[in-house]
1. Which label belongs to the value computed from this structure, given these candidates for Kirkwood radius over Cα pairs in Å: (i) 23.8; (ii) 18.0; (iii) 19.1?
2. Taking the Cα centre of the chain as origin, sum charge times position over the Cβ atoms of Lys and Arg (+1) and Asp and Glu (-1), and report the length of that vector in debye to the nearest 20.
3. What does the accessible area per residue of the chain come to in Å², with a 1.4 Å probe and no ligands, DNA or RNA counted?
4. Using a 10 Å cut-off on Cβ atoms, rank the peptides 102-110, 150-158, 170-178, 13-21 from the highest mean neighbour count down.
5. For residue 195 and residue 219, what is the calculated FRET efficiency with R₀ set at 25 Å and r taken between the beta-carbons, to the nearest 0.05?
6. First compute the accessible area of segment 156-230 with a 1.4 Å probe, then give the percent of it belonging to carbon and sulfur atoms.
7. Report the relative contact order of the chain, percent, no decimals, based on alpha-carbon pairs under 8 angstrom and at least 6 residues apart.
8. For residue 21, enumerate residues with amide H under 5 Å from its amide H, sequence gap 5+ or separate chain, H modeled in the peptide plane.
Amino acid sequence: GQQVPILVRPHPSDPDRFQVAYGRRRIQAARRLARPVRAVVRPLSDAELVVAQGKENLERQDLSYIERAFFALRLEEHGFPRATIIAAMGVGKGDLSTLISVARTVPAEVVRAIGPAPAAGRPRWMLLAERIRTASPKRIAGLVADPALADKPTNERFAAVLSALSPPAAPRPAPQVWSDEAGRGIARIERGPDRVALSFDETAEPGLADYVLDRLPEILAAYRAGRARP
């Protein structure tokens, strides 16, 4: 039988009817079984109604981050103040702002194409929103229309879209070769964004690498002394 009653309020314009706060699935089940529905009747304001709906739905459905984001956006678009939405969703003011910002940035067609993607939490949805801001609408439309995307599970669809919108990697500079007076390549220098790699050709100059390593403290001291001079 029905173990948990539904919650309703008196209809604002029809005293013979009620509005459902939560429990619509229980109503459908009771109709199929031709049974009456147990209900708690409370005189709820519009704000109290949406708070009750939000708490019940979020607790029972275990919504993913993007589903929560669009739920928050829909409440705001229906004119509910943020204080009411915060109470309905049980989130902080900053978290609510982020949820609504993500929902406003990520187009609905992208969310429909990706699905709920429960494994993608707040940081990755925020990252996707940032990449969507700088991507062309044509590029986004092409991604979501790709038939190969629809064949993937929802979490893989999210990963594929996020990867496709990643900025191109900066080209790495070509390695440099340091040669001696005879033109032999003795050392190879490879520069990255945060490090420089120096390697020696042991066949061309055996022992040079060890020689340099042994003198690194002396080289470092000389370098620092030179920088300290006015």
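The values are calculated or read from the model by the stated rules, or taken from the named source; none is laboratory data. Please read all numbers here as calculations on a predicted model, not as lab measurements. FYI the Cβ positions are ideal-geometry reconstructions off the backbone, even for glycines, and counts take in every protein chain you see. Only protein heavy atoms, including side chains, enter the accessible area calculation; ligands, DNA and RNA are left aside. Shrake-Rupley method; radii C 1.70, N 1.55, O 1.52, S 1.80 Å.
1. (i)
2. Working: 35 positive and 26 negative charges, 294 e Å.
Taking the Cα centre of the chain as origin, the dipole is about 1420 debye.
3. It amounts to 67 Å² per residue over the chain.
4. Working: 102-110: 17.4, 150-158: 15.7, 170-178: 10.0, 13-21: 12.1.
Peptide ranking by packing, descending: 102-110, 150-158, 13-21, 170-178.
5. After rounding, the FRET efficiency stands at 0.90.
6. So the carbon and sulfur contribution to the accessible surface is 56 percent.
7. Contact order relative to length: 11 percent.
8. Amide H neighbours of residue 21: 7, 8, 9.
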